[in-house]
Amino acid sequence: MKSIKLILAVAAMTLTAVLAGCGGDDPATSPEDPTNNSTNDQTDDSTPDDPSSKTGVLINGVVWAECNVDAFGTFAASAESPGMFYQWNRPKAWPATGDVTGWNNSAIAGDVWDAVNDPCPSGWCVPTKDEQATLLEKGKVTYVWTTLNGVHGGRFTDKVSGASIFLPVPGHRFDDGAQLGGDDGYYWSSSPNSMTYAWYLGVGSINAQNNVSLNRTYGYSIRCVHPSNLSFTVTFVSNGGSAIEAQTVVHGGRVIDPTAPTREGYAFAGWFTDDGNFTDSWNFAIRTVGADMTLYAKWTVFDVTPDPGARVSIDGATINGVVWAGRNVDAFGTFAAAPESPGMFYQWNRPKAWPATGDVTGWDDTEQSGDVWDAANDPCPSGWRVPTKDEHMTLVDAHQVTYVWTILNGVYGSMFTDKVSGASIFLPAAGCRVGLNGGLVLVGTNSIYWSGSYCGSTASPWCLYASRDTTLPSEGSISDTCSYGYSVRCVRQ
């Protein structure tokens, strides 16, 4: 079952849209922290790339610059560089070290940060309070106090993609002095709070927050955001298969999983970012786009055919002592129309049915409590029920049952045949819906079926798993999968 986790795990990736930021590669090397109130003092001595390499980082839906603003219209040289300070809605840059003269203590009028005074480089802007707040959503972003190349600061990391930004803490300037360095950083938002105050993001050794405002005449750091109106071209190379039309995707958007290409004598094995080696599989439900890119089709020689002696019954079959339904569960209490029909998906111990095609809304990503599949939530028709782990294991018994990955009426899936009677059942490779957002993945490549049995050691249910890449199916349990949507194949009560 390790292969399920490898396939379904969210791949960590840093988006590198060619925007206009700084050169620090700034990888997420700090350990994961479950809250946004970390006091861990981690060391993160990553080395920046060539400062001429300009990138932006997508975190929780907002594209952030990798470096602070330095002189007006420019970024600092590295992620840990303090850059320069700015008063709210004023274009003059003040150094982050040493003394200054000529500080302007006069009141700053207006209720917007005027574009002519915005010190961010072209294409970037001072973030709003709401945009800064996206960094503080504990369910989507982790915060850790850390050190980058000897400089203290806070690192914000997207929990889905693993992309991160580092905000140094150079202190600030105020009416009659300065508090430079230390354990606090202050970053202006463009949102006013009153005629004299404006909101800011505070970064410190205890936590990060943006529910405070201070005098607009103070000198704070600025970390810019991008309006995210860029779009990129995703090209599909079918490698001998039927042509797939290119797509235009906005920055941070997802590629639409196209209809699988076809190729005579071959089985389509998915889309990959690398041609030839095929090590980086593209997960359409999770991964997002940050630059023009190409996806390459992988093919495998198709050399399996259904057993001509197999007898797949629409009404079910007895295999190794267990009576199995001949079709997947469809709507609650009903079977699908045919053995190769995917039916509908179910989350563990929940009665709601989810379609096996298209997008869904209202997905429940919480983990279901309890360690049994309650009878009231069992979607099987009357006289049938969700199988146990032990009943699944009777299908995996190679002494009594043969298994083959095959096609039935144009649908890929798993065929199980009793060696004595020759009776068979076909489990279509309907794929599944991921627990995070209900995204549809692994269609045509994986058969994943719930059992009603719970595994105490992983605190998750058992499921039957088979794919085109396995010689034998397996039964396993993976942590935090109750919210996934899998198929159900019932057994007779």
Exercise. With a point put 7 Å past each Cα toward its Cβ, work out how far V237 is from S421 in nm, to one decimal.
Key: 5.1 nm
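Set the Förster radius R0 to 25 Å, insert the Cβ-Cβ distance between K352 and T318 as r into 1/(1 + (r/R0)^6), and round the FRET efficiency to 0.05.
Values: r = 31 Å, r/R0 = 1.23.
According to the calculation, E is roughly 0.20.
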Quiz prompt | Karplus-derived 3J(HN,Hα), 6.51/-1.76/1.60, for each residue of segment 152-157, Hz, glycine and proline x | solution = 6, x, x, 10, 10, 10
Quiz prompt | Burial ordering of F335, F272, F426, fewest other beta-carbon atoms within 10 Å first | solution = F272, F335, F426
Quiz item: When the Cα centres of segment 156-188 and segment 369-393 are compared, how far apart do they sit, in Å?
Solution: 52 Å
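Pairs K298/K419; K298/K352; K138/K389; K159/K352; K138/K352: which are spaced more than 30 Å apart, C-alpha to C-alpha?
Beyond 30 Å between Cα atoms: K298/K419; K298/K352; K138/K389.
Do you know the relative contact order of segment 311-492, to the nearest whole percent, from alpha carbon pairs under 8 angstrom that are 6+ apart? The partial results should precede the final answer.
On the way: 493 pairs, mean separation 50.6, N = 182.
Contact order relative to length: 28 percent.
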Exercise. Could you check how many percent of all C-alpha pairs in segment 75-220 are farther apart than 17 Å?
Key: 62 percent
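May I ask for the Rg/Rh ratio of segment 311-492, computed from Cα atoms with Rh as the Kirkwood radius, given to two decimals?
Numbers: Rg = 14.9 Å, Rh = 16.0 Å.
Value, to two decimals: 0.93.
Let me know the Kirkwood hydrodynamic radius for segment 231-301, please, with Cα pairs as the basis and the value in Å to one decimal.
Numbers: mean 1/r = 0.0808 Å⁻¹.
So the Kirkwood estimate lands at 12.4 Å.
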Self-check item: Base-10 log of normalised Debye intensity for segment 405-447 (one unit scatterer per alpha-carbon) at q = 0.13, 0.18, 0.25 Å⁻¹
Solution: -0.36, -0.57, -0.81
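If we count every other residue with Cβ under 15 angstrom of I222's Cβ, Lys/Arg +1 and Asp/Glu -1, where does the sum land? Before the final figure, lay out the partial values.
Values: positive: R90, K92, K129, R173, R216, R223; negative: E66, D70, D114, D118, E131.
Surrounding charge for I222 is +1.
Only counting other Cβ atoms within 10 Å, I'd like W113, W405, W103 sorted with the fewest neighbours first. Intermediate results must be reported in sequence, preceding the final value.
On the way: W113 26, W405 21, W103 16.
With the fewest neighbours first, W113, W405, W103 line up as W103, W405, W113.
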Quiz item: Taking H as built 1.01 Å from N, whose amide H comes closer than 5 Å to the amide H of F335, not counting residues under 5 places away?
Solution: D330
Self-check item: Hz values of 3J(HN,Hα) by residue in segment 355-368 - Karplus curve (6.51, -1.76, 1.60), Gly and Pro given as x
Solution: x, 8, 9, x, 8, 10, 10, x, 4, 8, 9, 7, 7, 6
Self-check item: Shape metrics for segment 164-239, restricted to C-alpha atoms - Rg then Dmax, Å
Solution: 17.8, 67
Self-check item: Placed amide H near D184: partners under 5 Å, 5+ positions off or other chain
Solution: G171
Self-check item: Taking S190, S421 and counting other C-beta atoms within 10 Å, the order from fewest to most
Solution: S421, S190
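Please work out the Cα convex hull volume for segment 125-190 and give it in Å³ per residue.
107 Å³
Work out the FRET efficiency for D397 and A115 from their Cβ-Cβ distance, taking R0 = 60 Å, and round it to the nearest 0.05. All intermediate terms of the calculation are to be shown ahead of the outcome.
Working: r = 71 Å, r/R0 = 1.18.
In this case the efficiency is close to 0.25.
No lab work stands behind these numbers, since they all come straight from the coordinates. Being a predicted model, the structure only gives us computed values, none of them experimental. Here Cβ is always computed from backbone atoms with ideal geometry, including for glycine, and neighbour counts include all displayed protein chains.
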